[in-house]
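This report concerns only the one structure given below.
The values are calculated or read from the model by the stated rules, or taken from the named source; none is laboratory data. Keep in mind that this is a model prediction, so the values were computed, not measured. Every residue, glycine among them, receives a Cβ derived from its backbone with ideal geometry; neighbour counts consider all protein chains shown.
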Amino acid sequence: MSIYFGQNVAQKYKELSSLFYKHFQVPFLRVKFYHSTKWNIQSIKAISESEIPNEHLESVHVFANQYFSKKRYDTPKLVTSDFDLAILVNPNDPAPPSNSKALKKFIDVAEKMNIYAEFIEPKDLSRLSSFDALFIRQSTEVNNEAYAFARKAQQEGLAIIDYPEAILKCCNKVFMAEALNNAHIATPKTVIVHKDNREVVLKQVGLPCVLKAPDSTFSFGVKKAKTETEYHTLVSEMLKESDLIIAQEFCPSDYDWRIGIIDDKPFFACKYYMAKGHWQIYNWSAKKKNDQDGDADCLPIEDVPKDVLHMAVKSAKLMGKGLYGIDIKVVDNKPMVIEINDNPNIDFGVEDAYYGELIYTKVLSALKKRLE
């Protein structure tokens, strides 16, 4: 298959050609495949103009004209902007970290700060190098596009929120459990489960217990075992997907603290209440969308108990500079870290309910500082 400026002469290979071009950004590319039980890639190489078949030349000229006539920006660019910011969003994200009103607010505040900001999507990886900074506002896992964007942004020298290292660390619940333990930060009783110790784990954490996949995010991949039978069933299922999982003591509470941290400084504080009739703040199995998540209160930083605030800042520092949401429960007057989240929610009407526009300004200022 020959790919010219990201396109193939056959329309049916348009998406496949675009996919290769995202990863290999050369004008003329040739991919060879072979077929055994399925199609496999045999080789990928750049080709010269002389290797283009004559019958393709007309199409190549059309593709070249289309490529070079594209504008860099879909909307008018501020000529005097301090820098150009790409905000990565995914229209199909099941749990986007910012709602549409918050995204619009980021654009509006950026304009006031003399920053040109534009939304880009996962298909726009090839455009990333035309920006100065990247702000990720789609769910982050190591195996999705957000991580690829963060890696590429780092290679290109862009200012980033969040760094690929932050995504790696926060998506790895095993690393997180060990890091918190080594830093002597209180957590619910936590054990790393594998096939050789699964029988003795319950003696340490008790029942009910919470089981987490090592790469669980937004409450996906987090289960609760109420009985010993349920524990063994869930562990067997989860160990098929991963060699290690996390078992954690179940600590019921009416709400979790969420402390937003940007570059080691707290900038919002929320109380997230449990979803209706559920043990988590998100209930993805709820039939009604309104029952999926619980209520939230946003408070001034000074109203947060000092030990909760100190614990949040200390936890965030384990992950490095970046944007984090630290989830903390207070049980019997003792705070415990439940989770360190990269890419935390910033939703209009929730995390910005107390400080308003300042929340957006803080994030954009952090990107500006990185560039400086």
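With respect to (1) at pLDDT 90 or above; (2) at negative phi; (3) of a type outside the set (Ser, Thr, Tyr), the lone exception for MET274 is condition (1). In this structure, is ILE192 in contact with a Leu (Cβ under 6 Å, 6 or more places away or on another chain) and either farther than 25 Å from ASN144 by Cα or modelled with pLDDT of 90 or more (or both)? Here the answer is yes, as ILE192 does meet what is asked.
Would you confirm whether or not the stretch 223-233 contains a residue that is within 18 Å of PRO208 (Cα to Cα), buried (at least 19 other Cβ atoms within 10 Å of the Cβ) and not charged (D, E, K, R)? The answer is yes, given that some residue of the stretch 223-233 is within 18 Å of PRO208 (Cα to Cα), buried (at least 19 other Cβ atoms within 10 Å of the Cβ) and not charged (D, E, K, R). Of all positions in the stretch 221-228, none carries a residue that is over 25 Å from the mean Cα position of the chain (by Cα), within 21 Å of ILE328 (Cβ to Cβ) and not in a loop (DSSP other than H, G, I, E, B). Considering only the stretch 7-22, I want to know if a residue exists there that is outside the structural domain of LYS123 (by TED's automatic domain parsing), more than 31 Å from the chain's Cα centre (by Cα), of a type outside the set (Gly, Ala, Ser) and surrounded by 12 or more Cβ atoms within 10 Å (Cβ to Cβ). Yes: one or more hits. Which count do you get for residues in the stretch 234-262 that are more than 25 Å from VAL331 (Cα to Cα), touching a residue at least 60 places away in the same chain (Cβ under 8 Å) and crowded, with 18+ Cβ neighbours inside 10 Å? Selection size over the stretch 234-262: 1. Can you confirm whether ILE167 is aliphatic (A, V, I, L, M) and modelled with pLDDT of 95 or more? No: the conditions fail for ILE167.
Residues checked against (1) surrounded by 11 or more Cβ atoms within 10 Å (Cβ to Cβ); (2) of a type in the set (Phe, Trp, Tyr); (3) in a helix (DSSP H, G or I); (4) touching a residue at least 12 places away in the same chain (Cβ under 8 Å):
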{"site": "SER43", "(1), (2), (3), (4)": "no, no, no, yes"}
{"site": "ILE87", "(1), (2), (3), (4)": "yes, no, no, yes"}
{"site": "PRO91", "(1), (2), (3), (4)": "no, no, no, yes"}
{"site": "PRO96", "(1), (2), (3), (4)": "yes, no, no, yes"}
{"site": "PHE119", "(1), (2), (3), (4)": "yes, yes, no, yes"}
{"site": "SER126", "(1), (2), (3), (4)": "yes, no, yes, yes"}
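How many of the residues in the stretch 314-338 are under 17 Å from CYS251 (Cα atoms) and either of a type in the set (A, V, I, L, M, F, W, C) or crowded, with 23+ Cβ neighbours inside 10 Å (or both)? The qualifying residues number 7.
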